[in-house]
Amino acid sequence: LRAPLLPLAVAHPMPEDDEEAAARERAQRYIKFGTVTEKNVEQLRKLNLAVFPVRYNDKFYSDLASAPSQAYTHLAYFNDILVGAICCRIEPQEGAAFKLYIMTIGVLAPYRRLGIGTQLLKQVLHACALEPNLQELYLHVQTSNSDAIDFYTRFGFSQGEVIKDYYKRIEPPDAVLLHRVAPFPVLSKEEQPARYA
């Protein structure tokens, strides 16, 4: 039995006050990004257990630690502590073409509202822009998760069909399909996040 893939754990979007903006700016120097490897994949498993209401199987993690999906899976660190991740799956199509599915994106609750989820998604969109054979980037979001739907819409995703009973163990069980096609945004040198050393 396959566990449902739940993308995006986001905080409620609220207008940012001056104090919150200042705290977000101060935090940026502590945020770094890296890729999934065989050495840190267990950290990712623990992060997902803390963020998502489902458990992912061993194949989920072994697939993430192998190329070619590494270009589309990123980890976020705050002061050397793993606090967030985005995980994507490559779906081959005819010839060299492929689609990319966002399986999960999540940030530990104390580190939300620092722009980490936004930076994770921007990195994937940037990687998509560099790949001419990519046809589409897509994901499913629980219909009641208006914060996630709004988040992806801000990044050019369009809403598609509603899939009834997509999720098996959560309410409501319905999901909306969100998708985006090229062109994808390219990050300038200044916009590219700091890599994890």
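The values are calculated or read from the model by the stated rules, or taken from the named source; none is laboratory data. Bear in mind the structure is a predicted one, so any value in this text is a computation, not a measurement. Virtual Cβ from ideal backbone geometry, glycine too; neighbours counted across all protein chains shown. Note: accessible area is taken over every heavy atom of the protein model, side chains too, but ligands, DNA and RNA are not part of it. Shrake-Rupley method; radii C 1.70, N 1.55, O 1.52, S 1.80 Å.
A probe of 1.4 angstrom, applied to the heavy atoms of all protein chains, finds GLU136 with accessible area near 30 square angstrom.
Count charges around LYS39 for me, please; just the other residues with Cβ under 15 Å from its Cβ, Lys/Arg as +1, Asp/Glu as -1. Here the count lands on -1. Ordering GLU91, GLU171 by accessible surface, largest first, gives GLU171, GLU91; the 1.4 Å probe counts only protein heavy atoms, with every chain in place.
With a ≥ b ≥ c the root eigenvalues of the C-alpha gyration tensor of segment 99-197, is it rounded (a/c under 1.5), prolate (a/b larger than b/c) or oblate? It is oblate, given that a/c is not under 1.5 and a/b is not larger than b/c.
Sites listed here are trypsin sites (Lys or Arg not before Pro) in segment 91-197 whose DSSP assignment is loop and whose Cβ has at most 16 other Cβ atoms within 10 Å: LYS164, LYS168, ARG169, LYS189.
Helices in the chain, meaning DSSP H runs of at least 4 residues, each add -39500 (n - 2.57). Divided by all residues, the mean residue ellipticity at 222 nm is -7500 deg cm²/dmol.
LYS46 exposes around 140 Å² of accessible area when a 1.4 Å probe is run over every protein chain in place.
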